[in-house]
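Data first, discussion second: the structure below is written as structure tokens.
Laboratory data are not the source of any read-out in this text; all were calculated from the coordinates shown. Note that this is a predicted model, so its numbers are computed, not measured. Don't worry about glycine lacking a Cβ; one is built from the backbone with ideal geometry, like all the others, and counts go over all protein chains shown.
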Amino acid sequence: MSEPDIRVYVRPNDPKSEWTLKLLDRHNVEYETVDATMEQGQVELAALGYGIADLPVVLTPRTHWTGFDKSKVLALAKARHREPNEG
């Protein structure tokens with residue numbers, strides 16, 4: 001199984017981060033989480049031009065966004081389930 005190509009930068013106990021992850025889970029979207037409070041997460045966020053105040057930050061191969069955005073998560077889920085399986 002390959003690594004998910006979606007990364008979600010989060011902060012523990014952050015409601016917006018938790019809502020984003022729960023919605024992705026509910027729609028069976030695979031993702032990798034990165035704890036933005038850890039040094040490596042902070043370095044990666046800074047390289048992308050974001051900071052802790054922007055969390056969560058969702059990166060996909062085609063787009064990215066900050067904060068909890070239900071419509072974008074739902075659009076991502078719809079696109080993911082529409083894409084043909086490769087293999």
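The figures follow:
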| quantity | calculated |
| --- | --- |
| DSSP bridge orientation in the chain - percent antiparallel, rounded to nearest 5 | 60 |
| Expected 222 nm ellipticity per residue - DSSP helices of 4 or more, -39500 (n - 2.57), all of the chain, to 500 | -12500 deg cm²/dmol |
| D_trans [Stokes-Einstein, Kirkwood Rh over alpha-carbon pairs] for segment 7-82, 10 °C, 1.306 mPa s, µm² s⁻¹ | 129 |
| Most positive-pole-ward Cα, 10, 24, 41, against dipole of segment 7-82 from beta carbon charges | 24 |
